[in-house]
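**Student:** Take this structure, written in structure tokens, and hold onto it; I'll ask about it next.
Derivation of every value follows stated rules applied to the coordinates shown; laboratory data play no part. The structure displayed is predicted, hence computed values, not measured ones. Note that we place each Cβ from the backbone using ideal geometry, even for glycine, and neighbour counts take in every protein chain shown.
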Amino acid sequence: MPVDIDIAYVARLARLGLSAEELAFYRDQLGVILEHAAKVQEVDTEGFEATAHPLGIVNQFRPDEIRPSLDRGEVLAAAPATDGVYFVVPPALEG
Amino acid sequence: MADLTIEAAGSALAKGELSATELLESVLTRASLTEADLHSFLTIDHEGAMAAATGSDERLRRGEPRGLLEGIPLAVKDNFCTRHLETTCGSQILAGYLPPYDATAVARLRDAGAVLVGKTNCDEFAMGSSTENSAFGPTRNPWNPERVPGGSSGGSAAAVAVGSVLGAFGSDTGGSIRQPAALCGVVGFKPTYGLISRYGLVAFASSLDQIGPFARTVADAVTLFEAVAGYDPLDATSYQGLVPNVRPTLGEGVSGLRVGIVRELGGEGYDAEVAAATSAMVDKLADEGAKVSEVSLPSFEVALSVYYLIAPAECSANLARFDGVRYGLRVPGETVEEMMARTRAEGFGPEVTRRILLGTYALSAGYYDAFYGKAQKVRSLLIAEMATVFEQADVLVSPTSPTTAFELGAKTQDPLAMYLSDVCTIPANLAGTPAISVPIGLDSGGLPIGFQVMAPALGEKVMFQTAAAVEALADFDARPAMAVSP
Amino acid sequence: MTTVWEPVIGIEVHVELSTQSKMFCGCEVTFGGEANTKVCPTCLGLPGALPVANSVAMDWIVRIGLALQCQVSERSVFHRKNYFYADLPKNYQVSQFDLPVCRNGWLDVTVGDETRRIGIERAHMEEDTGKSLHQGNGGRIHTATSTLLDFNRSGVPLVEIVSRPDLRSATEARAYAQDLRNLVAELGVSDARMEAGSIRFDANVSVRPVGTEALGTKVEIKNMNSFRSLERAIASEIDRQVALLEGGQKVRQETRHWDEGAGATHSMRSKEESSDYRYFAEPDLLPLVFAADQVEALRAGLPELPAERRSRLEGLGVAPHTARALAQAEPELRRTFEEAVALGAPPAAAANWVAGELTAATRRLETPAMVDGRSLFRLIEMTEDGRLSSSAAKEVLVEMLRSGDEAEAVATRLDLIQISDTSALEAAVSEVLDSQLEAVERYRSGEQKVLGFLVGLVMKSTGGKADPKLVNQILRQRLG
Ligand SMILES: [Zn+2]
């Protein structure tokens, strides 16, 4: 089954700033892989739903207790840009 | 000393015949001799390791209680967070990143007295089957440097194979422990999903990722497993029940065990020598009294397809956080959107980019039901098939990988061919069941062959029992040439 | 013939829960505080970190759902909602999609004399984002030179409550929002302070010709910081849409910001593809299974809800309209009512006082003040025994709120206590009758209205302090 892929749309969704050549390259590769992956569509899965955990466990919660947070200096040390208090990023597009 | 098993080293350390510092120096020497050819490490933490070894010797001298891994030099894959020690996941986007915390598995290793030698090389974000996708250069196979060590945990497998550490940990999402273990001639084990905390393991595909050990023997793999397994309140998917107690039955052999040969994991695409070695081992198991039969799991035919929808989908979300805002690489841009898009385009290598795109597509409006949603249902079907088969068989066996180590570059241009090298290992990830690879010999090219034993969820006991028997029957004691002490 | 337009409004509410710790990590939930000090690997989205759900937050969303008459799902699932935004650390929000914790509830909302049942589609659990501060050029987003990010709020538990498009006016939407806010506050699960952002409202507004079924194009309105601005924003948006449609134009589906200063909504340039959220079940969190006994235990722990309270009040003899108002009144007002009734005040009278004069008076005050139940009881007692006229009592109440003094003291100070001593009034009546023989004659010959004249004279002679009812009664007796 050939798969149609709006690769530019997918790349925008994934926030990947790829060039036109890169987009074409990945579109072709994805096409091949997806054609293979589309085999799943031939399997009869009547009566099956997604499995959340192989051991079937549910409901694991934590108590509502405060645990120490990280030191701000250490947190900001890993950041590409800060003002010592905040993380700093370029302005957002409108909206 | 670098050739000791964990068991032997542990007992020598306990008796005072060996110090942790001596042992560390010996493995560091081995690493210094082999790393130029292998590149199994991304970081060797000389200082931290020496401090840990000294501390261990100190504790021993003061007669303090010994940890399970007291003084044992180990390594972890570079996708385990290590406090204040560079953690890159083999990616340019995390170059230089120093996590502020230890993964639970790392913390437990430290608590057990282990000496953390360093961080091993891997395919970028654990995506790959050859360790060629590391942004920092590939790892090579210790048996033949022209060949790949497998992947994605190729660095861990290679380091253990040559004795740069006595054991190591990796992560296994579709075979990333077992396949490189097979290709490097060591033992590699992926536990039941939920037995080892994933907290601090940089996620690739959360529902498939499991941490597991590499060792030279099955018994050592058990020790490593025991040191880190068990419920962790920081991982909601971790199992609260008891970890299977596998040690007492390790030597019980396979007499009376029902061993199923998976029909779907063989035939076309499998090296003749791999197939022959596998059936020879099955024959030996039968000779030992195992009841061998062939079983069929039709859904295994589409397991690879299921995997290549589910894993990329989860990865597309898991890797969204690498955006140049809070840590890691930032490529400047006029707007935050542009900055993120550039950072991600430049920071991720081709395989990661491919999988993010694939997963994004599989989840996107209009395609979810046909791809991701359908794959999840087939996954449930596969789990049900396995449960049925495990009513007829105690363990399932197969080759770990259809081939022995392939040449560097052989599959890098053909993603699908690369993906096929995980065809035997993927079902256990989809089902969340335990599986182990044990080396059973070398092919005519001198490359190791791995034998996979799979068991039902929480069936580690019978799995290890079988693996120990396989190990004894194979009597595999060859070492790569570069591991021979000068 | 001109078309009459009917607004169709749905409200989405985000409630920040006031748990000790965040939704998926142990960081403290605080409002304000030093930026980026309440963060950890999980709420900062550091590589390798995992979420574990807060058990109290899970109980609280069930409380909210039950208070809104929702069904609690036996099985519920967290989903990842994927979109890139700098203050969303993982670039996905852990939220819920097709299996929310609560579904299909309702809230009765009264405007004037009309009570309408507003459907609640769902209430689901999610995590809050960090905060962006847009720097430069006055902090306006489209001209900012950089953005500062604070992740203290990231991961604070958030319950989203989505109404059905059942609201039909801006006033009704405001009443719904206020009632919902009061309900959440009463449950004790949130500060529910709109000005602090701990409860936030977005509105979906469309219009259609009255009598038609099909929904018009829906516009989402954001950035409403008070109930007043919510009402104004919706009203303004309705007017805008009606004007567009009557001018032959179309309404565009979009998100618009309410600009309080301009008194109008303005378009937010919508980001492309922002709606393809690629939801999938969050693999790091397990399914939520709510056992019936657990849900029933939570139900049993609920405080009295407005609907139950209303029927109880009606049972006490409170007029239906008053009972509705009082049932929805602020907790402080209701406490005053309950205390006064417990001391013996007639429920109907106490309810009238609280829902009427006391509510009105407290709203007029500049600084918050309240009378307690005992003070109200004494005030009611004075009106019941005739010492205070109803108009005087209103004056006394206002002064009680202002000064904090008791009714007796205030009434004495203002010289408002009525003469209700019969013998004193008898004397005053005799005096008037003796001096007004002609009037008495006219009354006796059938001129009823003369009675009012006589009452007025008695009132005058007592300096206005006589109880007019009593004067009336004595006069009739004497003239009888
Ligand atoms: Zn936190």
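**Student:** What percent do you get for the relative contact order of chain A when only Cα pairs under 8 Å and 6+ apart count?
**Tutor:** On the way: 30 pairs, mean separation 17.1, N = 95.
It rounds to 18 percent for chain A.
**Student:** Let me ask another. Looking only at other chains, what is the average number of their beta-carbon atoms within 10 angstrom of each beta-carbon in C:285-292?
**Tutor:** That works out to 4 on average.
**Student:** Once amide H atoms are built 1.01 Å from N in the peptide plane, which residues 5 or more positions from residue C:73, or in another chain, come under 5 Å H to H?
**Tutor:** Amide H neighbours of residue C:73, under 5 Å, 5+ apart: C:102, C:103.
**Student:** Can I ask one more? Note the angle between two axes, namely the Cα long axis of helix C:55-67 and the longest principal axis of the Cα atoms of chain C, as a number of degrees from 0 to 90, rounded to the nearest 10.
**Tutor:** Helix C:55-67 sits roughly 50 degrees off the main axis of chain C.
**Student:** Could I ask something else about it? Which lysines, if any, have their Cα less than 22 Å from the Cα of residue C:250, not counting same-chain residues under 8 positions apart?
**Tutor:** C:218, C:222, C:271
**Student:** Take the Cβ-Cβ distance between residue C:402 and residue C:114 as r, set R0 to 35 Å, and report the resulting FRET efficiency rounded to the nearest 0.05. Display every interim value, and only then the final one.
**Tutor:** On the way: r = 35 Å, r/R0 = 0.99.
With R0 = 35 Å, the Cβ-Cβ based efficiency is 0.50.
**Student:** Return the long-range amide H neighbours of residue B:118 (sequence gap of 5 or more, or a different chain), with a cut-off of under 5 Å between placed amide H atoms.
**Tutor:** B:45, B:76
**Student:** Sort the following peptides by mean Cβ neighbour count (other Cβ atoms within 10 Å, averaged over residues), highest first: B:154-161, C:190-197, B:103-110, A:82-89.
**Tutor:** B:154-161, B:103-110, A:82-89, C:190-197
**Student:** So if I place +1 on the C-beta of Lys and Arg and -1 on the C-beta of Asp and Glu, and nothing else carries charge, what would the dipole magnitude of the range C:320-434 be about its Cα centre? I want it in debye, nearest 20.
**Tutor:** Approximately 660 debye in magnitude.
**Student:** Which is farthest toward the positive dipole end of the range B:195-299 among B:197, B:233, B:213, measuring Cα position about the Cα centre, with Cβ charges +1 (Lys, Arg) and -1 (Asp, Glu)?
**Tutor:** Checking the options against the dipole of the range B:195-299, the answer is B:233.
**Student:** Continuing with the same structure: Specify the inter-centroid distance of the range C:441-475 and the range C:201-260, based on alpha-carbon positions, in whole Å.
**Tutor:** Between the Cα centres of the range C:441-475 and the range C:201-260 lies a distance of 60 Å.
**Student:** Order of A:45-52, B:231-238 by packing, highest average Cβ count within 10 Å first?
**Tutor:** B:231-238, A:45-52
**Student:** Using the alpha-carbon centroid of each, what span in Å lies between the range C:289-304 and the range C:389-429?
**Tutor:** Answer, in whole Å: 50.
**Student:** Between residue B:62 and residue B:287, what FRET efficiency comes out of the Förster formula 1/(1 + (r/R0)^6) with R0 = 51 Å and r the beta carbon distance, rounded to 0.05?
**Tutor:** Given R0 = 51 Å and the Cβ-Cβ separation, E is 0.50.
**Student:** Let me ask something else about it. Can you compute the charge dipole magnitude of the range C:5-297 about its Cα centre, using +1 on each Lys and Arg Cβ and -1 on each Asp and Glu Cβ, nothing else charged? Give it in debye, rounded to the nearest 20.
**Tutor:** 600 debye
**Student:** Here's another thing I want to ask about it. Taking each residue in B:228-238, count the Cβ atoms of any other chain within 10 Å of its Cβ, then average. What number comes out?
**Tutor:** Mean shielding count: 5.
**Student:** Oh, and also: Lys/Arg Cβ at +1, Asp/Glu Cβ at -1, dipole of chain A taken about the Cα centre: which of A:13, A:90, A:69 is farthest positive-ward?
**Tutor:** A:69
**Student:** Just in the range B:3-53: which GluC sites (Glu not before Pro) are loop by DSSP and have at most 13 other Cβ atoms within 10 Å?
**Tutor:** B:17
**Student:** Once amide H atoms are built 1.01 Å from N in the peptide plane, which residues 5 or more positions from residue B:173, or in another chain, come under 5 Å H to H?
**Tutor:** Those qualifying (amide H under 5 Å, at least 5 residues apart or on another chain) are B:210.
**Student:** Let me ask something else about it. Anything over 21 Å Cα to Cα? Flag those among C:394/C:469; C:90/C:131; B:190/B:374; B:119/C:22, in the order listed.
**Tutor:** B:190/B:374; B:119/C:22
**Student:** Could I ask something else about it? Semi-axes of the range C:5-297's equivalent ellipsoid from the Cα gyration tensor, sqrt of 5 times each eigenvalue, largest first, rounded to whole Å? It would help to have the intermediate numbers written out before the result.
**Tutor:** Numbers: eigenvalues 187, 125, 62 Å².
Semi-axes, largest first: 31, 25, 18 Å.
**Student:** Against the longest alpha carbon principal axis of chain C, how many degrees, from 0 to 90 and to the nearest 10, is the axis of helix C:306-315 turned?
**Tutor:** 20 degrees
**Student:** Please give the FRET efficiency for residue C:300 paired with residue C:71, using the beta carbon to beta carbon distance and R0 = 22 Å, rounded to the nearest 0.05.
**Tutor:** Calculated value: 0.80.
**Student:** When only C-alpha pairs under 8 Å and at least 6 residues apart count, what is the relative contact order of the range B:6-250, in percent?
**Tutor:** Working: 615 pairs, mean separation 44.5, N = 245.
RCO, the range B:6-250: 18 percent.
**Student:** In peptide A:26-35, how many Cβ atoms from other protein chains are near each Cβ within 10 Å, on average?
**Tutor:** Per residue, the number of nearby Cβ atoms from other chains is 5 on average.
**Student:** Just the C-alpha atoms of the range B:120-189: what Rg/Rh do they give, with Rh taken as the Kirkwood radius?
**Tutor:** Details: Rg = 10.0 Å, Rh = 11.0 Å.
With Rh from the inverse mean 1/r over Cα pairs, Rg/Rh is 0.91.
**Student:** Scale the Cα Rg of the range B:1-91 by the rule-of-thumb value 2.2 N^0.38 Å and send over the ratio, two decimals. Don't jump to the answer; show the numbers that get you there.
**Tutor:** Numbers: Rg = 13.9 Å, N = 91, 2.2 N^0.38 = 12.2 Å.
Compared with the compact-globule rule of thumb, the range B:1-91 sits at 1.14.
**Student:** Go through the range C:23-30 residue by residue and turn each phi into a ³J(HN,Hα) via Karplus (6.51, -1.76, 1.60, θ = phi - 60°); whole Hz please, and just put x for glycine and proline.
**Tutor:** 5, 10, 8, x, 5, 5, 8, 9
**Student:** In debye, nearest 20, what is the charge dipole magnitude of the protein assembly as shown about its Cα centre with +1 on Lys and Arg Cβ and -1 on Asp and Glu Cβ, if you could check?
**Tutor:** Magnitude of the dipole: close to 1880 debye.
**Student:** Could you let me know the centre-to-centre spacing of the range A:35-70 and the range B:441-486, using Cα atoms, in angstrom?
**Tutor:** Going from one Cα centre to the other spans 32 Å.
**Student:** Taking only complete DSSP H runs, can you tell me which helices of chain B stretch 24 Å or more along their own long axis by Cα positions and average at least -0.5 on the Kyte-Doolittle scale?
**Tutor:** Those that pass (Cα extent of 24 Å or more, hydropathy at least -0.5) are B:20-38, B:374-392.
**Student:** Apply the Kirkwood formula to the range B:6-250: the hydrodynamic radius equals the inverse of the mean of 1/r over all pairs of different alpha-carbon atoms; give it in Å with one decimal.
**Tutor:** Kirkwood hydrodynamic radius for the range B:6-250: 17.3 Å.
**Student:** Also, quick follow-up: Return, ordered by residue number, the residues of the range B:430-458 whose backbone nitrogen is under 16 Å from a label point located 7 Å along Cα→Cβ of residue B:280.
**Tutor:** The answer is B:438-452, whose backbone nitrogens lie closer than 16 Å to the label point.
**Student:** Return the percentage of antiparallel bridges among DSSP beta bridges fully within chain B, rounded to the nearest 5 %. The partial results should precede the final answer.
**Tutor:** Working: 30 of 46 bridges.
If I count the DSSP bridges inside chain B, around 65 percent turn out antiparallel.
**Student:** Label-point separation (nm) for residue C:477 and residue B:407, each offset 7 Å from Cα along Cα-to-Cβ?
**Tutor:** Label at residue C:477, label at residue B:407, 12.5 nm between them.
**Student:** Next question, about the same structure. Show me, for the range B:258-264, the HN-Hα J-couplings you get by feeding each phi into the Karplus relation (A = 6.51, B = -1.76, C = 1.60, θ = phi - 60°), rounded to Hz, glycine and proline as x.
**Tutor:** The phi angles translate into 8, 10, x, 8, 7, 4, 5 Hz.
**Student:** Still on this structure: Sort chain A into rounded, prolate or oblate with this rule: let a ≥ b ≥ c be the square roots of the eigenvalues of the Cα gyration tensor; rounded if a/c is under 1.5, and if a/c is not under 1.5, prolate when a/b is larger than b/c, oblate otherwise.
**Tutor:** oblate
**Student:** What percent of all Cα-Cα pairs in the range B:85-147 falls into each 5 Å bin, going from 0 up to the bin containing the maximum distance?
**Tutor:** The calculated distribution, bin by bin, is 4, 17, 20, 20, 18, 14, 6, 1.
**Student:** Could you tell me which trypsin sites (Lys or Arg not before Pro) in the range B:242-299 are loop residues by DSSP with no more than 14 other beta carbons within 10 angstrom of their beta carbon?
**Tutor:** B:263
**Student:** Then there is this: Could you grab the relative contact order for chain C? Cα pairs under 8 Å, six or more apart, rounded to a whole percent.
**Tutor:** So the answer I get is 14 percent.
**Student:** Now, a different point. Could you rank the peptides B:210-217, C:146-153, C:178-185 by their average count of other C-beta atoms within 10 Å per residue, with the highest value first? It would help to have the intermediate numbers written out before the result.
**Tutor:** Working: B:210-217: 27.6, C:146-153: 22.5, C:178-185: 19.6.
My ranking of the peptides, most packed first, is B:210-217, C:146-153, C:178-185.
**Student:** Turning to a different aspect of this structure: Can you list the cysteines of chain C that have no other Cys Cβ under 4.7 Å away?
**Tutor:** That list is C:25, C:27, C:40, C:43.
**Student:** Could I have the simple spin-label model distance between residue C:395 and residue B:247, label points 7 Å from Cα toward Cβ, reported in nm to one decimal?
**Tutor:** 9.2 nm
**Student:** Right, another one. Need one number: % antiparallel among DSSP beta bridges in the protein assembly as shown, to the nearest 5.
**Tutor:** 80 percent
**Student:** What is the spin-label model distance, in nm, from residue C:239 to residue A:4 if the labels are put 7 Å beyond Cα along the C-beta direction?
**Tutor:** Label-label distance for residue C:239 and residue A:4, simple model: 4.6 nm.
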